[in-house]
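Novice: The structure follows.
The values are calculated or read from the model by the stated rules, or taken from the named source; none is laboratory data. Treat the numbers as computed from the prediction; the structure is a model and nothing was measured. Note that we place each Cβ from the backbone using ideal geometry, even for glycine, and neighbour counts take in every protein chain shown.
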Amino acid sequence: MNILIIGATSSIAQETAKCFALEGARLYLAGRNLEKLQAIQGDVFVRGAKQVEAMALDLCLLDQHEHLITTAIHTLGRLDAVLIAHGTLSDQQICEQSVSTTMQELTTNCLSTISLLTILGNYFEEQGKGTIAVISSVAGDRGRQSNYVYGTAKGAVTIFLQGLRNRLTQSGVSVLTVKPGFVDTPMTAYIRKNLLFAKSETIGKHIHQAIKNPRDEVYMPWFWQPIMMLLRSIPECMFKQLKF
Amino acid sequence: MRDNHQSWGSYPKAYPQHVHPIRWRHEALPQTERTTSVLPYGNGRSYGDSCQNNGATLLTTHSLRRFISFDHDTGVLRCEGGVLLADILDNFVPQGWFLPVTPGTKHVSIGGAIANDVHGKNHHKAGTFGCHVRTVELLRSTGERITCSPHHHSELFRATIGGLGLTGLIVWADIQLKPITSPLIDKERIRFSGLDEFFDLSNQSNTSFEYTVGWIDCLANQQHTGRGVFIRGNHCADNAQSLTHIPRRTTLTVPFHLPSAVLHSGVIKIFNRVYYHLQPRQLTQARIPYEKFFYPLDTILHWNRLYGTRGFLQYQCVIPSRYEREGIRDLLSVIQQSQQGSFLAVIKTFGAIQSPGLLSFPKPGTTLALDFPFFGEQTLTLLTKLDSLVRETGGAVYPAKDAHMSSEDFQAYFPAWHKIEQLRDPKFSSSFWRRVTRLNTTPQHSTKSESYSLATEKEQAFAHHSLFNNMNQA
Ligand SMILES: Cc1cc2nc3c(=O)[nH]c(=O)nc-3n(C[C@H](O)[C@H](O)[C@H](O)COP(=O)(O)OP(=O)(O)OC[C@H]3O[C@@H](n4cnc5c(N)ncnc54)[C@H](O)[C@@H]3O)c2cc1C
Ligand SMILES: NC(=O)c1ccc[n+]([C@@H]2O[C@H](COP(=O)([O-])OP(=O)(O)OC[C@H]3O[C@@H](n4cnc5c(N)ncnc54)[C@H](OP(=O)(O)O)[C@@H]3O)[C@@H](O)[C@H]2O)c1
């Protein structure tokens, strides 16, 4: 298995990388911090990965995406799967006061992913097989006042993936949308933890499973599916009154 | 999300002011205020307050959990300080490598295993964990990174093995693993009816068995004192067994703290008696997975909650060889008289292999480990009695499991403590260290005695407060 992991320094992605390493996969890791990438490289190599390569780049530099993807394909020979995992939890209040922060957040959490998917979609379509997996979020299922900038970005990614899935199914390519709920990672370090929080190990392992046994949209853990179904079913005229 | 970074015994309760995760090995230590100290926190499997820093900062290493490199020829593993023994077993047993030394739980970090210089059932053959540590990288509060080994910065190396996390953050370490041909252990168990029989079995077994340990019924009456079960084992040498064939064991979890009534001494006494009589009289042999042999308690997650919210105290001491027979007998008779018992009393003879650690606990002799449900003053009085018995024999009490010993006792057990104090990173301190040294080890004021008494008083007031609460509950 040859897999490209974009945003490989994410806690969740590191856990998924470990699972692939155990199976002797070949990995290509992309993230913005070289020291972190090197630490992960060593770890997955000891865990059994056959080959681990890495490239450090800021994923908001959209014009670098083509280079990243062609280098990864060239280095590994071909790609069987890709996981896109980078992201930032936008500070909603700052975004409300700043157009530039809002645009920056949308670039990190949405535009960069769409740019990567545009290139990767064509590659996998031509190859006629493979899996494209992207970490979106339950936050993209419905806009809420507490985090609608982040929610917008994730929602757009979810819709983009639906379209891409619809297009690529014919070519035998599977497209996986991962929708985690709360996960205990650096992204949520400042949020008080409660019972709804999952461990990054758990989510990372689920993602590995969902890439191996192709699925379409997966809530992680599963209980977010009924929760979000309920949340989506509330009529907008009532929903707008709720405070959360 | 561990219980607010309490220790495994849930006693004493301590509340760090800040919890700062260290996630990457190139990261710097946090810039804390000048007056507060920091302490690394591994996986919180120490029972007392050695992994606590009340009112100050804990540096958690949960995410500092990566392998760095492995040399397949020599078996030396380099890994980050937060890697758990379980991670090493999961990854390396299928490749034919095992831990050189393992404690009774695999949910322990490399940093914690080094800082307490842990021991296992093979102490008589392999010494402590620290005997197998080749190199450590320490991150000091100055930002300096010091690579220490028996040959470089050897004093700091020796102070770090068993150094209770006080010499700096162990960022990574090189550990010598040992080759195995099977994940199975050939185990034998033999019932013994008294202490003399235990010592005979131990002497006979220590040459031909790599792992030996005994369980004893600590509440048995006079004529049965020291009866129990002797367990010994070797790695199975039959290499026709597949290394990867390890049957998974299901784990149970104790979801909440049990009411303390369960711990009535009568219940414990009956448990011990029944357990003893359930053991077959004859020697029995079995070939079992290593996990079942080494980590029977790990199959019940959070088993410490069985002791209720007021927690429990573990007590582990070592009695030097010269006095071991009388010493252990005296300890057992004091425990029996007090009628405060333990579900699991473990006894083992330590060997003569010396650890490089200055503050290392094991020494040639016999170690006894028990856990006592916390019943307030009466429990503390019992421990004080045990402490003085241990001190008379020239023995020691294990800091990893202690929440109680006095500073006088500690300093008598571990005369090398001065050396650790000299080599301690001035920014690093723990509730345990402040308690047993009576020094104000908060940075900055190390010479001002008033601020010392303030700090310790606060902790004492706090300890009394929790004691008071606990007694009220009882
Ligand atoms: C069921 C059970 C069975 C046990 N059996 C045994 C046994 O058989 N033999 C034995 O010896 N012990 C035994 N123990 C005790 C346990 O092995 C030790 O307390 C061990 O040190 C716990 O490791 P930890 O990772 O949980 O560290 P913690 O308890 O979190 O910390 C322990 C010490 O290590 C320091 N530390 C942690 N990480 C670092 C780091 N990265 N750098 C510097 N310092 C660090 C801390 O400051 C603290 O002083 C047992 C414990 C349990 C719960
Ligand atoms: N945690 C949750 O509760 C949760 C819930 C739902 C969805 N998610 C999603 O899960 C994914 C993984 O997040 P996580 O929880 O694992 O958090 P995380 O550990 O903080 O990971 C986020 C990663 O994204 C990287 N990143 C951010 N901007 C980047 C950029 N411009 N270029 C390159 N890398 C960049 C960060 O790199 P640095 O390390 O260099 O900063 C970081 O490694 C994200 O897409 C997140 O939105 C998380």
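Novice: Name every residue in the stretch A:106-154 that is in contact with an Asp or Glu (Cβ under 7 Å, 6 or more places away or on another chain) and of a type in the set (G, A, S), in order of residue number.
Specialist: A:G130, A:A153 - these are the residues of the stretch A:106-154 that are in contact with an Asp or Glu (Cβ under 7 Å, 6 or more places away or on another chain) and of a type in the set (G, A, S).
Novice: Check A:I6 against each of (1) within 10 Å of chain B (Cβ to nearest Cβ); (2) within 26 Å of A:A189 (Cβ to Cβ) and name the one condition it does not meet.
Specialist: (1)
Novice: Conditions: (1) within 11 Å of ligand 1 (Cβ to nearest atom); (2) over 21 Å from A:K36 (Cα atoms); (3) in contact with a Ser or Thr (Cβ under 6 Å, 6 or more places away or on another chain). B:P94 meets all but one. Number of the miss?
Specialist: B:P94 satisfies every listed condition except (1).
Novice: If a residue has to be away from chain B (no Cβ under 13 Å) and either closer than 30 Å to B:W97 by Cβ or of a type in the set (V, I, T) (or both) to count, how many in the stretch A:47-67 make the cut?
Specialist: 4
Novice: Taking only pairs six or more apart or across chains, which ones have beta-carbon atoms under 7 Å, a first residue in the stretch A:86-112 that is farther than 30 Å from A:E15 by Cα, and a second residue that is assigned to a helix (DSSP H, G or I) and more than 7 Å from ligand 2 (Cβ to nearest atom)?
Specialist: A:I94/A:T101; A:C95/A:T101; A:C95/A:T102; A:C95/A:E105; A:C95/A:V149
Novice: Restricting to the stretch A:25-46, and then to whatever is away from chain B (no Cβ under 13 Å) and more than 24 Å from B:L84 (Cβ to Cβ), can you tell me which residue is farthest from the chain's Cα centre (by Cα)?
Specialist: A:R26
Novice: Any residue that is assigned to a strand (DSSP E or B) and either within 25 Å of B:Y398 (Cβ to Cβ) or at pLDDT 90 or above (or both) - is there at least one of those in the stretch B:236-250?
Specialist: Scanning the stretch B:236-250 turns up no residue that is assigned to a strand (DSSP E or B) and either within 25 Å of B:Y398 (Cβ to Cβ) or at pLDDT 90 or above (or both).
Novice: Which condition does A:I5 not pass, out of (1) within 15 Å of ligand 2 (Cβ to nearest atom); (2) outside any helix (DSSP H, G or I); (3) more than 20 Å from A:I203 (Cα to Cα); (4) touching a Ser or Thr at 6+ places or on another chain (Cβ under 9 Å), if it passes all the others?
Specialist: Here A:I5 meets the rest and fails (3).
Novice: Looking at the stretch A:214-230 only, could you name the residues that are in a helix (DSSP H, G or I) and not aromatic (F, W, Y)?
Specialist: A:Q225, A:P226, A:I227, A:M228, A:M229, A:L230
Novice: Same structure again: Is there a residue in the stretch B:53-65 that is in contact with a strand residue (DSSP E or B) (Cβ under 9 Å, 6 or more places away or on another chain), away from ligand 1 (no atom under 13 Å from the Cβ) and modelled with pLDDT of 95 or more?
Specialist: no
Novice: Now for a separate question. Being assigned to a helix (DSSP H, G or I) and within 9 Å of ligand 2 (Cβ to nearest atom) is the filter here; which residues of the stretch A:8-36 pass it?
Specialist: Across the stretch A:8-36, the qualifying residues are A:S11, A:I12, A:A13, A:Q14, A:E15, A:K36.
Novice: Separate question: Of everything in the stretch B:7-33 that's near ligand 1 (Cβ under 9 Å from one of its atoms) and more than 14 Å from chain A (Cβ to nearest Cβ), which residue is surrounded by the most Cβ atoms within 10 Å (Cβ to Cβ)?
Specialist: B:S7
Novice: Please name all residue pairs, on different chains or six or more residues apart, with Cβ atoms under 8 Å, provided the first residue is in the stretch A:222-242 and is farther than 13 Å from A:G143 by Cα and the second residue is assigned to a helix (DSSP H, G or I) and at pLDDT 95 or above.
Specialist: A:W224/A:V138; A:I227/A:V138
Novice: Being within 11 Å of ligand 2 (Cβ to nearest atom) and hydroxyl-bearing (S, T, Y) is the filter here, so list the residues in the stretch A:65-111 that pass it.
Specialist: Across the stretch A:65-111, the qualifying residues are A:T88, A:S90, A:T107, A:T108.
Novice: Right, here's the next one. Can you find a residue that is of a type in the set (F, W, Y) and within 16 Å of the chain's Cα centre (by Cα) anywhere in the stretch A:149-158?
Specialist: Yes, the stretch A:149-158 has at least one match.
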